Amino acid sequence: MINQSQPDTAQWNLIRKILFRFFFVYIFLQATPLGWFYSIPVMNVVTQYYYVAVYWLVDQFNTHLFHFPATNIVNNGSGDTSQSWEEFFTFLALAAFISLIWGLLDRKRKSYNQASYWLRTMLRYFVIIACFTYGIDKLFVLQMPFPLQSQLATPLGDFLPMRFSWLFIGYSSPYEIFSGCMEILAGLLLLNRKTITLGLFIAMVVFANVMVLNLCYDIPVKIYSIHLFFYCVFLLENDAKRLFRFFILNQAVTANINNQLSLPKKWMRITRVVLKFVFIVCFVIVPFFTMKDYYQADKNKKETKPFHEGVYDVTVFAVNKDTIPALITDTLRWRDVIFEKAGLGSIGSTDTTFRQRYRRGYFSFVADSTKQTIHFKKFAKDSNFIYSFRYDLPDSNTIRLRGKQKTDSLYVILKRSKRHFQLAEKQFHWISEANR
């Protein structure tokens, strides 16, 4: 039974009951609490069938009602795919239909206080998971890492707004850590029933900022970020009258104990403590140490010897012994090569043999110093090489490559460049005599 200082025994009006039924169904479908247990060995079988059923329903609604263009989307990090929008409209339609049937079968019920409590509790923990997931990522500067040299060498105008915003945040580690700390703070406050209101205020402001960034910079997580902001507003609505009296009318208000749950039996109280402990371990402690390990691994990335990290100008690029001049209009000739840590790199070329990102060709490479060979791959996990070269190092600043691309022989000379990126300095000045 929910313990309230002034039990809400009043009958809900019709509009409130209709809205509650609709949002109860919609939020349950959208937040998908079953998905929280996907990593548990036994539960993943149940959740697997649940998702199969959901995808089938979404496909049926789209085929017979919405008619979105059919797409076969792989997991590419975007939360705004056509399939995501199909799911969104399907859940809206299902919520409307189920809540209508629910209303017809449950016309005599005066209120949904108990159901409201459990919905708010489930939704609160959903927001907590989001706070810790993104907050811990930012705490270790993993969500938006500092720009690679390949990205620093890319003209600003070639970036799409999403990547531009990612680099803007990733440039400043303190700002990203601050953002993560605010999300973690909101999550910690939401874990305690006495500080839920403050936690919701902080979470609402944090996710409002995320939502606006996603909308204004075309970041493909719009649906999810809008929902997170909406969930915070939805949860605060439970306290709307008290907040209005306190902040707007400057009136005294009583304590809000709507989130308190009276558990008369000892085993119930023990169960609640155990469940909260398990939740904190699974969604706070384990992610924290996992991200810490990722951070340490990223920090320990080293150069792939003997290729030193940096920018190399392509001074000679010969195909079948025919030297190709360095023309701006040539899309296949290499302009420069950048070697990054951990066997990554990019080439100033729009050659689609490489993985194209913002008019640069990205690659992974494997070097064998014994055989003096280097192999370029399009993706790190690929087993096939797109280029294979023998190399020699006449001096510490020069690399000569000899190899083949299909039937063409290639001869390339790379000279280490003295190019310096000011943005990599992470400048900060208390005193600035002029705009720079």
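Ordering of 374-381, 344-351 by packing is 344-351, 374-381, highest average first (other Cβ atoms within 10 Å, averaged per residue). Simple spin-label estimate for Leu57 and Asp218 gives 3.4 nm between the two label positions (7 Å along the Cα-to-Cβ direction from each Cα).
Sort Ile15, Ile338 so that the residue with the fewest other Cβ atoms within 10 Å of its own Cβ comes first and the one with the most comes last.
Details: Ile15 8, Ile338 23.
In order of increasing Cβ crowding within 10 Å: Ile15, Ile338.
Could you calculate the FRET efficiency of Lys299 with His429 from 1/(1 + (r/R0)^6), where r is the beta carbon distance between them and R0 is 25 Å, rounded to 0.05? In this case the efficiency is close to 0.40. One chain, two ends: Arg335 and Leu100. Fully extended at 0.36 nm per residue, the span grows by 78.2 nm beyond their Cα-Cα distance.
Put in order of Cβ neighbour count within 10 Å, fewest first, the listed residues Asp59, Asp106 become Asp106, Asp59. Over 24 Å between Cα atoms, which of Lys194/Lys276; Lys222/Lys341; Lys341/Lys378; Lys301/Lys377; Lys138/Lys341; Lys305/Lys404 qualify? Pairs exceeding 24 Å: Lys222/Lys341.
Simple rule: put +1 on each Lys or Arg Cβ and -1 on each Asp or Glu Cβ in the chain, find the dipole, and look at Gln11, Phe363, Pro264; the Cα lying farthest toward the positive end is Pro264. Put the Cα centre of the stretch 75-129 next to the Cα centre of the stretch 157-176 and the gap is 34 Å. Per residue of the chain, the DSSP helices (runs of n ≥ 4 H) give a summed -39500 (n - 2.57) that works out to -14500 deg cm²/dmol at 222 nm. If only the Cβ of Lys and Arg carry +1 and only the Cβ of Asp and Glu carry -1, the dipole of the chain around its Cα centre is close to 1080 debye. Applying 1/(1 + (r/R0)^6) with r as the Cβ-Cβ distance of Lys194 and Val233 and R0 = 22 angstrom yields a FRET efficiency of 0.60.
Within 10 Å, count the other beta carbons around each residue, average over each peptide in 152-162, 296-306, 361-371, and list them highest first. Spell out each step's value before the answer.
Numbers: 152-162: 13.6, 296-306: 11.8, 361-371: 15.8.
Averaged packing, sorted descending, gives the order 361-371, 152-162, 296-306.
Peptides 141-150, 310-319 ranked from most to least packed, by the mean per-residue count of other Cβ atoms within 10 Å: 141-150, 310-319.
Between Arg390 and Phe421, take the C-beta separation as r, use R0 = 35 Å, and let me know the FRET efficiency to the nearest 0.05.
Calculated value: 0.70.
Of the labelled figures [x] 32; [y] 54; [z] 46, only one reflects percent of Cα pairs over 32 Å apart as derived from the coordinates, namely [y]. Sorted ascending by nearby beta carbons within 10 Å, beginning with the fewest, Glu309, Glu176 become Glu309, Glu176.
Extension gain, Lys381-Leu410: 0.36 nm per intervening residue step, less the Cα-Cα distance, totals 8.0 nm.
Every number in this text was worked out from the coordinates using simple rules, so none of it is lab data. Note that this is a predicted model, so its numbers are computed, not measured. As a convention, Cβ positions derive from the backbone with ideal geometry for all residues, glycine included, and neighbour counts pool all protein chains shown.
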